[in-house]
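Please read the structure below before turning to the comments.
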Amino acid sequence: MRIRPRRLRRTRAIREMVRETTLSVKDFIAPLFVKPGEGVRDPIPSMPGQFQFSPDTAVDEAVDLWSLGIPSIILFGLPDRKDATGSRSWADDGVVQRAVSAIKAQIPEMVVMTDVCLCEYTDHGHCGVIINNTVDNDATLELLARQAVSHASAGADFVAPSDMMDGRVAAIREALDQEGYQDTGILSYAVKYASAFYGPFREAADSAPQFGDRAGYQMDPANALEALKEAELDMEEGADMIMVKPAIPYLDIISRVREISLLPLAAYNVSGEYAMVKAAESKGWIDGERVMMEMLTSIKRAGADLILTYFAKEAAERLMIDD
Ligand code: PBG
């Protein structure tokens, strides 16, 4: 036979030479949950290996991640109290604001991102304010902008709106510029589906909607053209980087968005994707570590430059062993 593809698979060294996709610790953004208190490190039952931290222990965790070479984290806040408008989300003494400034004080070079949304802060658990029984788009924009400015003033390098309101990237960009935060970037959750894969996160962040669902603002999993439209809009509105979420069930979307975007593209390997691996691994049904590396490599191969993943620490440790 003249052509034998197996020649390129014969030894490990050959395979490594011709490998098309390489995962790097620099691709990872690690999500962290922060809540009020001190010395807190509460395990999240549906996400083994993940914790809710207080600002001080979040600093310790960030230092660990940084020392493994992970360049970036994204913070989610569990506030001390919730109300109808999510007002604790833009409080200067809010839990995310305190964690950001503590982390930046300790490790100034680390790229600190914050999730900008209202669902963790509202008593009804929706991502915007409720007017006439629906999540009101335009009234929500101002609150998101206020939250983004407050995160920027605490020292966040990037704010990451995850609410899926129309026009929020433009509203946030304008507010940041007006307040003098021209250099604070926006990583937009441009393409975010109404997904059942967020289940464990809603337990971790205590953010499940108290009535209805998010289908009126997050995207229908059946749609792909709409993903391109959402991505284009956020690019026009001034996003610095865009994201597709979830990752594994939407690899086709990642690769299609990659083709139309000139911006760095992130993918969110979400809580349900993580929990399923951990659960199957604990039953002895899969090799969790290999599945983790295969998932992350597939997300990169599909076209993502950056991966938000709860596996960040474990995968970083694995990559160090492989080197
Ligand atoms: C909303 C938000 C969610 C996630 C990130 N930001 C949940 C939702 O939209 O209900 C999910 C992340 C995950 O599942 O890991 N602020």
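The values are calculated or read from the model by the stated rules, or taken from the named source; none is laboratory data. None of the values given here were measured: they were computed from a predicted structure. Ideal geometry is used to build each Cβ from the backbone, glycine not excepted, and the neighbour counts take in all protein chains shown. When the accessible area is computed, the model is the full protein with side chains, heavy atoms only, and any ligands, DNA or RNA have been set aside. Shrake-Rupley method; radii C 1.70, N 1.55, O 1.52, S 1.80 Å.
Remarks
- Estimated distance in nm for a label pair at R81 and I131, the labels positioned 7 Å out from Cα along Cα-to-Cβ: 2.5
- Whole-percent carbon and sulfur share, accessible surface of the range 20-322, 1.4 Å: 50
- Computed lengthening from D56 to E179, 0.36 nm per intervening residue step minus Cα-Cα distance: 41.5 nm
- Mean Cβ count within 10 Å, highest first, over the residues of peptides 206-213, 148-155, 255-262: 148-155, 255-262, 206-213
- Too-long pairs where the Cα-Cα distance tops 21 Å, listed order kept, from K104/K192; K26/K104; K245/K300; K192/K278: K104/K192; K192/K278
- Enclosed volume per residue, in Å³, of the convex hull spanned by Cα atoms of the range 1-148: 200
- Charges were assigned to the Cβ only: +1 to each Lys and Arg, -1 to each Asp and Glu. The resulting dipole of the range 108-178 about its Cα centre is roughly 40 debye.
- C-alpha long axis of helix 168-178 to longest principal axis of the chain, angle in °: 70
- Considering only the chain, percent of DSSP beta bridges that pair antiparallel, nearest 5: 15
- Model label points for D92 and D206, set 7 angstrom from Cα along the Cα-to-Cβ axis, are 2.5 nm apart.
- In loop segments of the range 76-169 as defined by DSSP, the GluC sites (Glu not before Pro) with at most 14 further C-beta atoms inside 10 Å of their C-beta are E109.
- Here's the picture: charge each Lys and Arg Cβ at +1 and each Asp and Glu Cβ at -1 in the chain, and of M292, M17, I29 the one pushed furthest to the positive end of that dipole is M17.
- Solvent-accessible area per residue, Å², over the range 226-292 with all protein chains present [probe radius 1.4 Å]: 45
- Between the beta carbons of E109 and K283, assuming R0 = 30 Å, the FRET efficiency works out to 0.15 to the nearest 0.05.
- Subtracting the Cα-Cα distance of D64 and E236 from their residue separation scaled by 0.36 nm leaves 58.3 nm.
- Expected-Rg normalisation [2.2 N^0.38 Å, Cα atoms] applied to the range 20-322: 0.92
- Helix 55-67 vs. the chain, principal-axis angle (Cα, 0 to 90°, nearest 10): 30
- When the charge dipole of the range 20-322 is built from unit charges on Cβ atoms (+1 for Lys and Arg, -1 for Asp and Glu) and taken about the Cα centre, the candidate among A156, P249, G180 whose Cα reaches farthest toward its positive end is P249.
- Using a Förster distance of 25 Å, the FRET efficiency for L8-D252 (Cβ separation, nearest 0.05): 0.40
- Each Lys and Arg Cβ is given +1 and each Asp and Glu Cβ -1; about its Cα centre, the range 20-322 then shows a dipole of about 560 debye.
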